[in-house]
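To keep things clear, I will list the structure first and then write my remarks on it.
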Amino acid sequence: MKYKFIIAIIILFLLGIPQPILAQDNPTNPVYVVQPGETLTEIAQKFNVTVNEIISINNISNPDLISPGIRLYIPGLNGISGELTTHTIGVGEYLNNFVLKYQIPKNILTQVNRITSPNEIYAGSNLIISVDQAKPKIKARLVQKTNQSVFESAVILGVNPWKLSIENNLTANTQLLPSDIVYLKSDENAEEISSITSLLKSISIDPLPLSQGNTVTINVISNQPINLTGKLNGFDLHFFQNAENNYYALQGIYAMAEPGLSSFLLNGSSSDGQNFSFQQMLLLKQTAFQKDPPLEVSDQAIDPAITKPEDDYVKGLVSVISDDKLWSGKFLNPVDEPVCYKSKFGNRRSFNGSDYIYFHTGLDFGVCAPSHNIYAAASGKVIFAGPLTIRGNVVFIDHGQGIFSGYFHQSQIKVNVGDVVHAHQLIGIIGATGERVTGPHLHFEIWVNGVQVDPLDWLQNNYP
């Protein structure tokens, strides 16, 4: 009797716990598994439905109890079943070659994603697909040459011309054109080429979509030694080699870059005379930067007659690109523990009653440790050590390959121009020098190919 009473109490207790999801037995609707940090609003936006529609079909009693791992039915996606995921369109992917490579019916893909024109698909945009569709079904194997027939392409690849035509959705009225990519179902060991050119095995841009204040890595793997140049969002790219036929470039995205579309251009040439030029529009999204409280500074601290010459001088300092990579691994905090932040990168700022037309170009470390020491965040060479009107006593370190760090408002500078420093070497003391300062702190900057980026990213991740 005692045990029956205890069991009854447990059952009543469990019944009293709020149940976040009581999904209907509705196998006609696809399912999405909630990812860490996602809200119902974000999920609804991802699948172009309303929050109320998701709540209704899943019998959700308390939307605040949504947690990672919960399976949600998604309404309104006729023609797709199973578990849903999203695919980020990569470099060289377009609607037509995507449906070929993943063998997804084009009419279903366009219907589910509400695509009215192939021109709506940009690198960095997301397509809704099922998990079963997420793995490529065929590989890019050959670039069609001028005056080369389907039969000749089939002979080169050692396959039946009929098989080649079927897998590339060719009919009697459609033919492969010069520079078209030929796709085939192949075993895992079959050599694949990039959909851009046969000179390349692959090209990737990470992260996509582009985002204000981010550091972007462009990775290229080629089939032979190659010379690469390019542009991203108006900045010339500088490529470096980290393994045989492996190349990379790093580029910062300006914190106030216009959201929308950004141009990417890649040119390549090989020693045997082969060349290619590729261009694609990439999606660039707005970052949710916060607003700092309005700040009061001296008039000359925001006078363009004073600030512009200094800004131009600093841009000149960080514009010299050296080939050697002097840093290794993550950058280190430039101050002692415990670390505290007064203002983060990208925060929108108002000076002396202005609109929020300024942004914070670095990461401010407050004085929270017993010492006021400033350390080099990574190994490099000191290229500037001295006073500037706005920035105060400053040290700039060149880490190689277009990567620079800056340390502002110092009370004392402990290094000289030309010094080669190692990570965590003492370079100065925290102070409050310079016109645009409201108290003792370290303003810490990272520049990537001429653009200030979020330093926290470099403190938390390895580049390249």
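For the stretch 122-196, the strands (runs of 3 or more DSSP E) that sit wholly inside it and include 1 or more residues that are among the basic types (Lys, Arg) and modelled with pLDDT of 85 or more are 139-143.
The condition of being within 24 Å of residue 215 (Cβ to Cβ), surrounded by fewer than 24 Cβ atoms within 10 Å (Cβ to Cβ) and among the basic types (Lys, Arg) holds for only one of 414, 381, that being 381.
In the stretch 313-350, the residue that is farthest from residue 369 (Cα to Cα) out of those that are acidic (Asp, Glu) and touching a strand residue (DSSP E or B) at 6+ places or on another chain (Cβ under 9 Å) is 323.
Within the stretch 444-464, residues that are assigned by TED's automatic domain parsing to the domain that holds residue 366 have Cβ atoms under 6 Å from residues that are in a helix (DSSP H, G or I) in these pairs: 444/455; 446/455; 446/458, counting only partners at least 6 apart in sequence or on another chain.
Looking across 290, 279, one residue alone is outside the structural domain of residue 394 (by TED's automatic domain parsing) and touching a residue at least 40 places away in the same chain (Cβ under 8 Å). It is 290.
Residues checked against (1) over 24 Å from residue 428 (Cβ atoms); (2) modelled with pLDDT of 95 or more; (3) in contact with a Ser or Thr (Cβ under 8 Å, 6 or more places away or on another chain):
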site: 263; (1), (2), (3): yes, yes, no
site: 268; (1), (2), (3): yes, yes, yes
site: 273; (1), (2), (3): yes, no, no
site: 282; (1), (2), (3): yes, yes, yes
site: 308; (1), (2), (3): yes, yes, no
site: 338; (1), (2), (3): no, yes, no
site: 345; (1), (2), (3): no, yes, yes
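Within the stretch 425-464, the set of residues being among the hydrophobic types (A, V, I, L, M, F, W, C), at pLDDT 95 or above and over 30 Å from residue 230 (Cα atoms) comprises 426, 427, 429, 430, 432, 442. Condition first: of a type in the set (A, V, I, L, M, F, W, C), over 23 Å from residue 220 (Cα atoms) and within 38 Å of the chain's Cα centre (by Cα). Now tell me which residues in the stretch 157-183 satisfy that. Those that are of a type in the set (A, V, I, L, M, F, W, C), over 23 Å from residue 220 (Cα atoms) and within 38 Å of the chain's Cα centre (by Cα): 157, 164, 166, 170, 176, 177. Figure legend. Inter-residue proximity from the stretch 348-361: first residues more than 23 Å from residue 456 (Cβ to Cβ) and assigned to a strand (DSSP E or B), second residues modelled with pLDDT under 95 and among the hydrophobic types (A, V, I, L, M, F, W, C), beta-carbon distance below 6 Å, spacing 6+ or different chains. Indicated pairs: 351/295; 351/297; 351/302.
Out of everything in the stretch 103-125 that is touching a residue at least 12 places away in the same chain (Cβ under 8 Å) and under 20 Å from residue 263 (Cβ atoms), what residue ends up being surrounded by the most Cβ atoms within 10 Å (Cβ to Cβ)? So, considering only residues that are touching a residue at least 12 places away in the same chain (Cβ under 8 Å) and under 20 Å from residue 263 (Cβ atoms), the one surrounded by the most Cβ atoms within 10 Å (Cβ to Cβ) is 124.
Those residues that are in contact with a Phe, Trp or Tyr (Cβ under 9 Å, 6 or more places away or on another chain) and closer than 21 Å to residue 201 by Cβ, I need them from the stretch 143-179; list them, please. Hits for the stretch 143-179 are 167, 168. Of all the residues in the stretch 309-332, those that are among the polar types (S, T, N, Q) and in contact with an Asp or Glu (Cβ under 9 Å, 6 or more places away or on another chain) number 1.
Within the stretch 200-227, the set of residues being in a loop (DSSP other than H, G, I, E, B) and under 17 Å from residue 243 (Cβ atoms) comprises 223, 224, 225. When we screen 49, 99, 112 for residues that are more than 29 Å from residue 278 (Cβ to Cβ) and β-branched (Val, Ile, Thr), the only hit is 49.
The values are calculated or read from the model by the stated rules, or taken from the named source; none is laboratory data. It should be emphasised that the depicted structure is a prediction, and the values quoted were computed from it without experimental measurement. Note that each Cβ is placed from the backbone with ideal geometry, even for glycine, and that neighbours are counted across all protein chains shown.
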